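The values are calculated or read from the model by the stated rules, or taken from the named source; none is laboratory data. These numbers come from a predicted model, not from an experiment. Cβ coordinates were reconstructed from backbone atoms using ideal geometry, including for glycine residues, and neighbour counts include every protein chain displayed. Please note that ligands, DNA and RNA were not included when accessible areas were found on the heavy atoms of the full protein model with its side chains. Shrake-Rupley method; radii C 1.70, N 1.55, O 1.52, S 1.80 Å.
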Amino acid sequence: MTDTSSDPSDGIRSPDGAAHRIETDYEIGQHNVEGSVGPFGFDIHNPVFAISGAAIVAFVFYTLALPDQAGSLFSWLFSAVTKGFDWFFLGAANIFVIFCLVLIVTPLGNVRLGGVEARPDYNYVGWFAMLFAAGMGIGLMFYGVSEPMSHFSSSMGGTAAEGGVRTDWAPLGAAAGNEAEAVRLGMAATIFHWGLHPWAIYAVVALALALFSYNKGLPLTIRSAFYPIFGDAVWGWVGHVIDILAVFATLFGLATSLGFGATQANAGLNELFGIPTGSTSEVILISVITSIALVSVLRGLDGGVKVLSEINMGLAFLLLIFVLLVGPTVFLISLFWDSLVAYLQYLPALSNPIGREDVNFSQGWTSFYWAWWISWSPFVGMFIARVSRGRTVREFVICVLLIPSMVCVLWMAVFGGTALHQVITDGYTVAQDAALELKLFKMLDGLPLASITSFIGIVLVIVFFVTSSDSGSLVIDTITAGGKIDAPVPQRAFWCIFEGAVAIVLLLSAGGLQSLQSMVISTGLPFTVVLLIMCFAIYKGLMTEHHHVKKKA
């Protein structure tokens, strides 16, 4: 992730042309408790911070004290939620895509974020660059090679059943023995998880935050989006519950990404330098990198996360260009376009929420992904909202859906396509046979300058780790400080430390990475309900804007 630190109050303080601002007696921070503990000041929302903080601390101690029991509980949660609510995750994600498409084609798309006289804070180049940055993260590093390869391998393996239930992990009906079709199906399934659906989730949250902050004059918090439905009740327990759910979803989404990042960085360091793999090394990695993130927090936004983000985006672009040029360039360019066509072809079947036979794929892959994206939505949504004032809703939705989606497709086509070409054309199956966290490094082993590019890959994972932790701490702190953006730095340090702590205790529990997946699934489920209600709130908010503008005209 990138710097999410620009001042959100800029939009609130710019009412010129704002169409239909909401009048409320609520003031930012009016429920906050201020004070200090020794040299450390605090300015926290009561009771959002207290409940969120206490619950996270209790969770950490429970998981450390009873790891086997916790691991069993997490395993049960993962199975219960993915199997019982897979239809709900898939159906909700479809609703988010359809909702965004409706906004594009209806007159509501003419509403301008910030009011009719507002103009964009950034030109297209700068805005697209930040949307590109928002689309990057540990997930692309971890899954860029492993997911296309996994779907290709499972598709080539065909289907298998036991007791009338599919036991294979192939998407849809697989493509047993058909290499070309297995490539198309594998890439289509990958794009499905990184394309329109997840970015529609982000667009919904970002649009809600931007609309109710810039146009309606409310604080830049999740609860503000529900004012059209609940009125002033959003400043009470209704809003407290919404914000607490946002904190849990964001924290466990971040912890999951940090866990994946630590596992992959450990695997890469083992490949290059022989550093042992395992929970001890991963705990040390998370501790060290969380400490770096803490330094970044204390250094401030300009001297910390912003600089690191710029370095990371440059390195990611260089690595992408290197693999594209040194790898099978013509094949990769052709695969990019062929994969987009395959994605559109398979999209209706992949997004079908009921009657699925490919239960392992739809529950173990898609349900988990949708919950993961939903858990990240307050984090990424707030970033996108902060850089999008002045855009029309139509312009906003089109660009937020398409630009990052295309970047993700390009990344998957280049990195995953190179690994596929190694298997199909060169007979190099090392990346295919490797564990998920090793596939990127094994693919790079088949290209020139493998030691250098693998080291760059490790650096990218680590810096994504740091910037995600720092920026995520800012977002969680903003929520738990009642919408204040100038709360004392120690509060953000608290959340930074506990993001790392949650990742550590979940990795140490009996389930390991599956425990991380279980928690992101479990917290993503109730927040999916929040997002569905948010769609209705956005519609009501846009209708008042549209009618007000028409009346003025």
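Residue check: is Val459 out of contact with any Lys or Arg (no Cβ under 9 Å at 6 or more places or on another chain) and crowded, with 24+ Cβ neighbours inside 10 Å? Answer is no for this residue. Quick one: which of Leu218, Leu211 is part of a helix (DSSP H, G or I), of a type outside the set (Asp, Glu) and either in contact (Cβ under 8 Å) with a residue 60 or more places away in the chain or under 17 Å from Thr478 (Cα atoms) (or both)? Leu211 is the lone residue from the list that is part of a helix (DSSP H, G or I), of a type outside the set (Asp, Glu) and either in contact (Cβ under 8 Å) with a residue 60 or more places away in the chain or under 17 Å from Thr478 (Cα atoms) (or both). If you check Ala413 against the conditions, is it over 23 Å from the mean Cα position of the chain (by Cα) and in a helix (DSSP H, G or I)? No; evaluated as a whole, the condition is false for this residue. So, Ser154, is that one open to solvent by 20 Å² or more (accessible area, probe 1.4 Å), touching a residue at least 12 places away in the same chain (Cβ under 8 Å) and closer than 30 Å to Met406 by Cβ or not? In short, yes. Considering region 268-280 alone, what residues qualify as being under 15 Å from Ala435 (Cα atoms) and either among the polar types (S, T, N, Q) or in contact with a Phe, Trp or Tyr (Cβ under 7 Å, 6 or more places away or on another chain) (or both)? Gly268, Asn270, Glu271, Thr277, listed by residue number.
Name the residue, out of Gly163, Gly144, Gly195, Gly186, that is of a type outside the set (A, V, I, L, M, F, W, C), open to solvent by 10 Å² or more (accessible area, probe 1.4 Å) and more than 17 Å from Leu532 (Cβ to Cβ). Step by step, each of Gly163, Gly144, Gly195, Gly186 is checked, and only Gly163 is of a type outside the set (A, V, I, L, M, F, W, C), open to solvent by 10 Å² or more (accessible area, probe 1.4 Å) and more than 17 Å from Leu532 (Cβ to Cβ). Restricting region 383-410 to residues that are assigned to a loop (DSSP other than H, G, I, E, B) and touching a helix residue (DSSP H, G or I) at 6+ places or on another chain (Cβ under 8 Å) leaves a set whose member that is most open to solvent (accessible area, probe 1.4 Å) is Arg389. Counting the residues of region 164-183 that are more than 21 Å from Gln363 (Cα to Cα) and in a helix (DSSP H, G or I) gives 4.
Only one of the numbered conditions (1) surrounded by fewer than 24 Cβ atoms within 10 Å (Cβ to Cβ); (2) under 20 Å from the mean Cα position of the chain (by Cα); (3) without any contact (Cβ under 8 Å) to a residue 24 or more places away in the chain is violated by Asp477, and that is (1).
Counting only residues that are assigned to a helix (DSSP H, G or I) and either open to solvent by 50 Å² or more (accessible area, probe 1.4 Å) or touching a Pro at 6+ places or on another chain (Cβ under 6 Å) (or both), region 273-286 holds 4 of them. Among the conditions (1) modelled with pLDDT of 85 or more; (2) open to solvent by 30 Å² or more (accessible area, probe 1.4 Å); (3) under 30 Å from Gln69 (Cβ atoms), the only one that Cys496 does not satisfy is (2). Taking region 228-245 as the range and being in contact (Cβ under 8 Å) with a residue 40 or more places away in the chain, under 22 Å from Glu545 (Cα atoms) and surrounded by 19 or more Cβ atoms within 10 Å (Cβ to Cβ) as the test, only Pro228 passes.
The single residue among Ser468, Ser515 that is within 25 Å of Phe317 (Cα to Cα), buried (at least 21 other Cβ atoms within 10 Å of the Cβ), touching a Ser or Thr at 6+ places or on another chain (Cβ under 8 Å) and among the small types (Gly, Ala, Ser) turns out to be Ser468.
To keep it simple, each residue is scored yes or no on (1) open to solvent by less than 50 Å² (accessible area, probe 1.4 Å); (2) out of contact with any Lys or Arg (no Cβ under 6 Å at 6 or more places or on another chain); (3) touching a residue at least 60 places away in the same chain (Cβ under 8 Å); (4) among the hydrophobic types (A, V, I, L, M, F, W, C).
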position	(1), (2), (3), (4)
Asp43	yes, yes, yes, no
Gly53	yes, yes, yes, no
Phe61	no, yes, no, yes
Phe74	yes, yes, yes, yes
Lys83	no, yes, yes, no
Phe89	yes, yes, yes, yes
Ala92	yes, yes, yes, yes
Arg119	no, yes, yes, no
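Selection of region 348-379 for residues being in contact with a Phe, Trp or Tyr (Cβ under 6 Å, 6 or more places away or on another chain), open to solvent by less than 20 Å² (accessible area, probe 1.4 Å) and of a type in the set (Val, Ile, Thr) yields only Ile374. When each of Ala537, Ala481, Ala487 is tested for being at pLDDT 85 or above and either closer than 29 Å to Leu140 by Cβ or in contact with a strand residue (DSSP E or B) (Cβ under 8 Å, 6 or more places away or on another chain) (or both), the lone residue that passes is Ala481.
All told, Leu436 meets the bar of being open to solvent by 10 Å² or more (accessible area, probe 1.4 Å), modelled with pLDDT under 90, under 21 Å from Gly253 (Cα atoms) and hydrophobic (A, V, I, L, M, F, W, C).
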